[in-house]
Amino acid sequence: QAITTDVATQNSPSVAVDPLDPNNVVVAYSDFSLLSTGYAGISVAASHNGGTSWEHRSLTLPFGFEQGASDPTVSFDGRGRVYISYMAATFKGNGKPPLLNPGGGAQRAMGFEANNGIFVSRSDDGGLTWMLPVAVASHVYDGVTQVPFEIYPDMAVDGVSTLPDGQANSNFGNLYVTWARYYPTGQFPGETNPLGGSDVMIAVSGDSGLTWQLRTRTDTNTGFVDSVLRTKDNTGMETSAGLGYLNWSRIAVGAVGDVAVADFVGGWFVVNHSNDAAATFFVPTQ
């Protein structure tokens, strides 16, 4: 069954089902029919009859970041609220890449001169109406100082209210978003004269997406604050602008409230595991 028959391009779909109402299905996708910038917006198709029919909406992109959006992920929480995470940007430098989420160092470096960030929108009626987006992490380019470029978001929700031992899950309803942050030359934390570099970030919301807390740690050797998920040193000094060793993170929440983040680390994959709501992570499993 076609969710949409619009002649413009739609891609990158994500689908979720309400755990309280299996007839409520929501699909989010990139939709190039929404904007005239050459980039996509985010469309939503919601069904309340198990996919027999669909109602369509589009998300309002954050002000100043409305040139385009990409990489939507849709998730329900255990109370029937539905969320969509995505990246959005407005390029303000001398050029813009062909894709909002570009590959390659030179194209990705254009994001250092862009308003850009990771955002989450929420619906309390099964995907029919949407609140204004909330920034998980965002940057505004002032025309002078380059900013990090936030890309590749993924999201998961802790939907388990009762743990296997019968105790209440104190993290029930937590939202987790992970993504890759690429740093401009000279900005990778804790390294001397870095040319580039990337890191995997994670943030958590305990109030249904209204506010977000970035999970960080302080490096005991340098004193610099970086991501709690950083698993490689010298990434900024070993790469050029727009390139990095850490990216493509994906996240899942287990039945005991544990958080697992898988990501790419310079030619191999790791799984990072946390049992304290992503405040800290164990040594990753390769």
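The values are calculated or read from the model by the stated rules, or taken from the named source; none is laboratory data. Computed from a predicted model, the values in this text were never measured in an experiment. A quick note on method: Cβ atoms are made from the backbone with ideal geometry, for glycine too, and the neighbour counts reach across all protein chains shown. Quick note on the areas: whole protein, heavy atoms, side chains included, nothing else; ligands and nucleic acids left out. Shrake-Rupley method; radii C 1.70, N 1.55, O 1.52, S 1.80 Å.
In the range 152-165, the residues that are farther than 12 Å from PHE119 by Cα form Cβ pairs under 7 Å with partners that are at pLDDT 90 or above and of a type in the set (Val, Ile, Thr), at six or more places apart or across chains, as follows: ALA156/ILE251; ALA156/VAL253; VAL157/VAL253; ASP158/VAL253.
On inspection, GLY223 does not qualify as exposed (fewer than 15 other Cβ atoms within 10 Å of the Cβ) and touching a helix residue (DSSP H, G or I) at 6+ places or on another chain (Cβ under 9 Å). Residues in the range 264-273 that are farther than 15 Å from TYR176 by Cα and in contact (Cβ under 8 Å) with a residue 24 or more places away in the chain were compared, and the one that is farthest from the chain's Cα centre (by Cα) is GLY266.
Just the residues that are open to solvent by 70 Å² or more (accessible area, probe 1.4 Å) and more than 19 Å from the chain's Cα centre (by Cα), please, taken from the range 7-31. Within the range 7-31, VAL7, THR9, VAL17, PRO19, LEU20, PRO22, ASN23 qualify.
Across the range 62-77, what is the number of residues that are within 15 Å of LEU35 (Cα to Cα) and either touching a Ser or Thr at 6+ places or on another chain (Cβ under 9 Å) or assigned to a strand (DSSP E or B) (or both)?
If we filter the range 62-77 for residues that are within 15 Å of LEU35 (Cα to Cα), which is where we start, we get 62-70.
This time we only want the ones that are either touching a Ser or Thr at 6+ places or on another chain (Cβ under 9 Å) or assigned to a strand (DSSP E or B) (or both), so: 62, 64-70.
Residues flagged as within 15 Å of LEU35 (Cα to Cα) and either touching a Ser or Thr at 6+ places or on another chain (Cβ under 9 Å) or assigned to a strand (DSSP E or B) (or both) within the range 62-77 amount to 8.
The requirement of being farther than 25 Å from ASN169 by Cα and either in contact (Cβ under 8 Å) with a residue 24 or more places away in the chain or within 21 Å of the chain's Cα centre (by Cα) (or both) is satisfied by THR231. Do we have LEU210 as part of a loop (DSSP other than H, G, I, E, B), more than 30 Å from ALA106 (Cβ to Cβ) and within 17 Å of the chain's Cα centre (by Cα) here? Spelling it out, LEU210 is indeed part of a loop (DSSP other than H, G, I, E, B), more than 30 Å from ALA106 (Cβ to Cβ) and within 17 Å of the chain's Cα centre (by Cα). Each residue in the range 78-129 was checked for being in contact with a Ser or Thr (Cβ under 7 Å, 6 or more places away or on another chain), open to solvent by less than 10 Å² (accessible area, probe 1.4 Å) and of a type in the set (Gly, Ala, Ser), and 4 pass. What about PHE149, is it touching a helix residue (DSSP H, G or I) at 6+ places or on another chain (Cβ under 6 Å) and either open to solvent by less than 30 Å² (accessible area, probe 1.4 Å) or among the hydrophobic types (A, V, I, L, M, F, W, C) (or both)? Yes; evaluated as a whole, the condition is true for this residue. Out of the residues in the range 248-273 that are in contact with a Lys or Arg (Cβ under 9 Å, 6 or more places away or on another chain) and not aliphatic (A, V, I, L, M), state the one that is surrounded by the fewest Cβ atoms within 10 Å (Cβ to Cβ). By that ranking, first place goes to GLY266.
One residue is enough: does the range 28-38 have a residue meeting the conditions free of Cβ contacts under 8 Å to residues at least 40 places away in the same chain, out of contact with any His (no Cβ under 7 Å at 6 or more places or on another chain), more than 24 Å from SER161 (Cα to Cα) and charged (D, E, K, R)? Looking for residues that are free of Cβ contacts under 8 Å to residues at least 40 places away in the same chain, out of contact with any His (no Cβ under 7 Å at 6 or more places or on another chain), more than 24 Å from SER161 (Cα to Cα) and charged (D, E, K, R), one finds at least one in the range 28-38, hence yes.
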